[in-house]
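A short write-up of the structure that comes next.
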Amino acid sequence: MTSTTRQDPAASQDRTALEIRGVRKSYGSTEVLHGVDLTGKAGEVLAVVGANGAGKSTLIKILAGAERMSAGELRLGGERVDLRSPHDAHQHGIRTVHQELTLVPELSVTENLLMGHFPRRFGLIDRRAAHAAARELLESVGYGAVDPRTKAGALTVARQQMVEIAKALVTEGGEPKVLVLDEPSAVLAGGDLQALFALIRRLQERGVLIVYVSHRLAEITELATSIVVIKDGRVVAETTPDRTDENELIRLMAGRRPGQLYPGRREEPGEPLLAVSELGRAGEFQDISFILRAGEITGLFGLVGSGRSELARCVFGAEPARSGTVTTPDGDATRFRNPRAAIAAGLALVTEDRKRTGLVLGLTTAENIGLTTLRTATRGPFLDTGRRRREVTEMVERLDIRPAHSAALPVRALSGGNQQKAVLAKWLLTTPRVLLLDEPTRGVDMATRAEIYRMLDELARAGMAVLLISSDLTEVLGATDRVLVMREGRLTADLPSDRTTEDTVLAHAIGHAA
């Protein structure tokens with residue numbers, strides 16, 4: 001966990017910035033928010049926590065103007081407002097950074113940042129001035145490493161997140177009065193996370209109300225000045241960091257005391273199932289070698305730009321490697337030309353962006369779970385619908401995907417945690433021997449995280465090799481047997497998880513290891 005110095009924004013905290021009174025929201029006959037009340041003051045970090053499905057996302061959409069509340073009222077600076085659209089929210093000084101990325105992939109970072117605000121010269125867009133303005137904005141928020149000329153879609157998810165945060169500060173009337181951050185740190189670590197915290201402190205000092213939503217409870221207790229807990233569409237507690245701790249927050253969110261988050265350590269690993277030898281890709285990483293063994297969960301940690309996600313995609317054949325080999329569970333040394341070949345060899349990859357590359361949002365949960373086995377779940381030339389139905393039902397029950405009838409629902413209707421379970425179910429249907437997971441708990445509540453860790457432990461004990469890529473240092477040590485560390489496209493360490501500290505891992509990631 002990165003350390004910051006808590007500022008005292010008391011000078012501006014006597015001014016109420018946001019009031020939510022009796023807010024209700026119904027979809028048809030189903031009410032999902034049941035009279036929510038909360039108050040945020042200028043210069044405050046108001047943390048909103050709750051399990052997946054508690055109602056946080058709906059509340060955020062109402063504040064962003066993307067959803068209309070069914071009843072209740074919103075007040076900004078004491079004045080009642082009616083937010084009918086995102087434009088209304090912007091006009092009233094509310095900016096929202098959503099958990100799911102909203103950048104246009106084919107446009108440059110500059111175009112995404114300055115859309116509607118381009119500098120002009122002789123009536124035409126001044127591209128040079130636009131890039132300079134974008135670079136200045138990125139540097140001002142601590143994200144100067146992002147090249148504004150790059151297409152947004154070519155950036156890693158972590159760097160796209162940085163651009164999203166910077167974009168929220170581009171407003172016609174100056175800085176926002178209320179900045180809503182939904183899981184802003186889910187894919188950030190090290191200096192990038194520190195830059196986010198520093199930005200939040202600067203905005204606090206200037207009187208901006210930060211509404212901060214995160215499942216990283218250590219961040220909540222460090223950053224927040226006040227905490228609101230939502231459960232089943234209701235506010236069940238209002239507290240402050242000095243009056244609570246992570247265990248108590250989990251109890252309030254789940255209605256019970258937390259059990260052990262991480263399973264116990266596993267026995268000695270078995271045979272090698274995947275060997276990567278001197279794998280390289282120009283401009284991304286080079287000379288990467290490691291072995292994944294049966295019965296072992298291996299962590300992979302690195303800061304933004306280290307090449308960790310690119311490495312996973314190359315191992316899986318989703319992007320071409322330029323050198324090196326991947327030796328499969330059957331002993332064949334190759335470089336996969338496409339994901340189909342990797343799947344046939346016993347590999348599966350859960351990507352870091354479930355909504356863009358993990359799910360087809362317009363399909364049902366059952367249809368998504370069945371996507372990877374369309375070629376095998378057949379009877380002659382036809383899809384075996386009976387077999388497919390049985391397989392999907394078994395996976396929904398095995399992974400406890402909720403609600404119980406989720407198979408028939410559009411997958412976009414599920415909470416983030418249950419969407420992630422659907423992605424895992426899709427790949428487990430292929431019965432892989434090697435499972436690669438990139439940020440599998442991003443935007444997932446603590447209870448669901450514990451379920452995912454338990455499932456990975458069961459898979460490892462059954463003989464699978466697991467590679468867990470994560471930005472969460474606590475997770476990458478707690479859920480794994482050993483940790484590989486990447487820095488600037490190279491592996492810098494292979495460490496035993498139970499004899500390594502977070503500081504040691506981070507030191508290897510930034511090049512300050514002794």
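Rg and Dmax of region 427-514, both derived from C-alpha coordinates alone, stand at 13.8, 44 Å. Taking every Cα-Cα distance in region 471-511 and sorting them into 10 Å bins from zero, the calculated P(r) comes out as 32, 61, 7 percent.
Taking the square roots of 5 times each eigenvalue of the Cα gyration tensor of region 165-323, largest first, gives ellipsoid semi-axes of 38, 26, 12 Å. Remark on SER26: its backbone amide H falls under 5 Å from those of VAL32, SER70, a criterion applied only to residues 5 or more positions apart or on other chains, H modelled at 1.01 Å from N.
Roughly how many debye, to the nearest 20, is the charge dipole of the chain about its Cα centre, given +1 on each Lys and Arg Cβ, -1 on each Asp and Glu Cβ, and no other charges?
1320
Per residue, the chain reaches -8500 deg cm²/dmol at 222 nm when only DSSP H runs of four or more residues are counted, each adding -39500 (n - 2.57). All Cα-Cα distances of region 385-459, cut into 10 Å bins from zero to the largest, leave 18, 55, 26, 1 percent in each bin in turn. Over region 307-414, what portion of Cα pair distances is larger than 20 Å, expressed as a whole percent? In whole percent, the share of Cα-Cα pairs in region 307-414 beyond 20 Å is 52. Give me the angle, in degrees from 0 to 90, between the Cα long axis of helix 127-140 and the longest principal axis of the Cα atoms of the chain, rounded to the nearest 10. Once rounded, the angle reads 90 degrees. Calculated on the alpha-carbon coordinates, the convex hull of region 137-238 measures out at 128 cubic angstrom per residue. Sites listed here are GluC sites (Glu not before Pro) in region 150-207 whose DSSP assignment is loop and whose Cβ has at most 14 other Cβ atoms within 10 Å: GLU172. Normalised radius of gyration (Cα atoms, divided by 2.2 N^0.38 Å) for the chain: 0.98. The H on the amide N of LEU273, modeled in the peptide plane, is under 5 Å from the matching H of LEU292, ARG293, ALA294, each at least 5 residues off or on a different chain. Translational diffusion coefficient of region 78-149 (Stokes-Einstein, Kirkwood radius from Cα pairs, 20 °C, 1.002 mPa s): 151 µm²/s.
Specify whether the C-alpha gyration tensor of region 88-201 places it in the rounded, prolate or oblate class, a ≥ b ≥ c being the square roots of the eigenvalues: rounded for a/c under 1.5, otherwise prolate if a/b is larger than b/c and oblate if not. It comes out oblate by the Cα gyration axes.
Treating each Cα of region 207-252 as an identical point scatterer and summing with the Debye formula, the log10 of I(q)/I(0) at q = 0.23, 0.29 Å⁻¹ comes to -0.83, -1.27. Taking θ as phi - 60° and the Karplus parameters 6.51, -1.76 and 1.60, the scalar couplings of region 115-123 work out to 3, x, 9, 5, x, 10, 9, 6, x Hz in sequence order, x denoting glycine and proline. Of the residues HIS90, GLY380, GLY22, the one whose Cα sits farthest toward the positive end of the charge dipole of the chain, with +1 on the Cβ of Lys and Arg and -1 on the Cβ of Asp and Glu, is GLY380. Simple spin-label estimate for THR150 and HIS87 gives 3.3 nm between the two label positions (7 Å along the Cα-to-Cβ direction from each Cα).
Coordinate-derived values only; no laboratory data. Quantities reported herein were computed from a predicted structural model and do not represent experimental measurements. All Cβ positions, even for glycine, are placed from backbone atoms using ideal geometry, and neighbour counts span all protein chains on display.
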